[in-house]
Amino acid sequence: MTSPMTPANPFPASYTHDYLAQLERLGSIARLPSVKALHLPPREAADGARAEARGEFCALELADGTLGLAYVLLDDTHGELAAASWRHDLTGSDALDLVRAGFAAPGGALRSAGHAAAAALTRWCFDSAGFVPPASGDSVGALQAEPGERVGMIGLFGPLIDRLLARGVQLTVLELREDLLDARPGLEVTLDPARLRGCQKVICTSTVLLNDTLDAVLAACADARWLAMLGPGAGCLPDGLFARGVTALGGTWITDGAAYVAGLVEGRAAGAAARKFTLTPADYPGFDALLGRLSRSA
């Protein structure tokens, strides 16, 4: 295919390194499906429908219909993907090659496409091994925040803020954008990761997987005994996250791929085509166990 694919550079000992190594192992024991297409939401949805997540994510589709999602609103990633000629040449290409190239990219269109491909291969691995993560309950309920308790939030989860403040928690939100800085009773929005120290419970956006802030952010959450990573982009292999202190992973489980894609490209909400899941270490058999199931079924 014609694309900006380049050999992946060596990664430091990071979650990205571990994640790629796992997918390489998966590719060594199984014949992985190729890429079918990379689907984008319409620009108007990306510009105006963030509250319902109708235009925030692209979907990488594998040849067997498996989908993986990635965020496209960092900088001008959506525009870059829409203009990228190589996006239309992905059909029939090696999904693992796209992961390698995307993980090596510093950001932008290729980075998001690579993460979407990694999420699709993760979902393919789960499906092939017969693993289905538990359906999600109320993420705020799972938090069980108490009045006066310090809670951290990495990324601005707008719909959750009022619900948490209503519980009487002291909420510290870490953001990258100065225009989102805010101060209300019980709420601090800051650019300083050090302000997360002392927060025993933290909610983290899955976007940190894309912008290379994951390891620094987790280091700032050393006091957290409960750390949940949430968002449609959290459809990744969780082993390295659990090993680094994440205690729950909350993402989107697509139940009807064709309906999901149809809604995405038209700018509609997923509706019944997807549900939310929450995965904890207690629910997860581990990547080695999944590979064992795949080996026995091969």
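Taken over segment 212-226, residues that are of a type in the set (Gly, Ala, Ser) and surrounded by 18 or more Cβ atoms within 10 Å (Cβ to Cβ) amount to 2. Report yes if residue 162 is at pLDDT below 90 and in a helix (DSSP H, G or I), otherwise no. So residue 162 passes the test. If the condition is being touching a helix residue (DSSP H, G or I) at 6+ places or on another chain (Cβ under 6 Å), within 25 Å of residue 276 (Cα to Cα) and modelled with pLDDT under 80, then segment 1-54 contributes 46, 54. Evaluate segment 246-268: report whether one residue or more is outside any helix (DSSP H, G or I), among the hydrophobic types (A, V, I, L, M, F, W, C) and open to solvent by 40 Å² or more (accessible area, probe 1.4 Å). No - not one qualifying residue is present in segment 246-268.
Checked against the criterion of being aromatic (Phe, Trp, Tyr), within 17 Å of the chain's Cα centre (by Cα) and more than 20 Å from residue 242 (Cβ to Cβ), the candidates 126, 157 yield just one match: 157. Conditions first: (1) within 23 Å of residue 64 (Cα to Cα); (2) assigned to a helix (DSSP H, G or I); (3) open to solvent by less than 10 Å² (accessible area, probe 1.4 Å). Residue 115 passes all but one, so which condition is the exception? All conditions pass for residue 115, except number (3).
Out of (1) within 27 Å of residue 44 (Cβ to Cβ); (2) loosely packed, with under 15 Cβ neighbours inside 10 Å; (3) under 20 Å from the mean Cα position of the chain (by Cα), the odd one out for residue 286 is which? The single condition residue 286 does not satisfy is (1). Please work out if residue 104 is touching a residue at least 12 places away in the same chain (Cβ under 8 Å) and buried (at least 24 other Cβ atoms within 10 Å of the Cβ). Criteria not met by residue 104. Regarding segment 176-196, can at least one residue be identified that is out of contact with any His (no Cβ under 8 Å at 6 or more places or on another chain), assigned to a loop (DSSP other than H, G, I, E, B) and touching a residue at least 60 places away in the same chain (Cβ under 8 Å)? No: zero hits. Considered as a group, the residues in segment 269-283 that are assigned to a loop (DSSP other than H, G, I, E, B) and in contact with a helix residue (DSSP H, G or I) (Cβ under 7 Å, 6 or more places away or on another chain) include one that is surrounded by the fewest Cβ atoms within 10 Å (Cβ to Cβ), and that residue is 269. Filter segment 227-244 down to residues that are in a loop (DSSP other than H, G, I, E, B) and open to solvent by 10 Å² or more (accessible area, probe 1.4 Å) and give me whichever is nearest to residue 114 (Cα to Cα). Applying the filter and picking the extreme gives 235. Once segment 129-154 is narrowed to residues that are part of a helix (DSSP H, G or I) and over 17 Å from the mean Cα position of the chain (by Cα), the residue that is surrounded by the most Cβ atoms within 10 Å (Cβ to Cβ) is 143. Please enumerate the residues belonging to segment 201-211 that are surrounded by fewer than 24 Cβ atoms within 10 Å (Cβ to Cβ), outside any helix (DSSP H, G or I) and in contact (Cβ under 8 Å) with a residue 60 or more places away in the chain. Residues satisfying the conditions are 210, 211. The residues of segment 207-226 that are touching a strand residue (DSSP E or B) at 6+ places or on another chain (Cβ under 6 Å) and more than 24 Å from residue 73 (Cα to Cα), listed by number, are 221, 224, 226. Are any residues in segment 212-226 within 14 Å of residue 246 (Cβ to Cβ) and assigned to a helix (DSSP H, G or I), and if so, which ones? Correct list: 214, 215, 217, 218, 219, 220.
The values are calculated or read from the model by the stated rules, or taken from the named source; none is laboratory data. None of these values were measured; they are calculated from a predicted model. Cβ: placed from backbone, ideal geometry, glycine included. Neighbour counts: every protein chain shown. Only protein heavy atoms, including side chains, enter the accessible area calculation; ligands, DNA and RNA are left aside. Shrake-Rupley method; radii C 1.70, N 1.55, O 1.52, S 1.80 Å.
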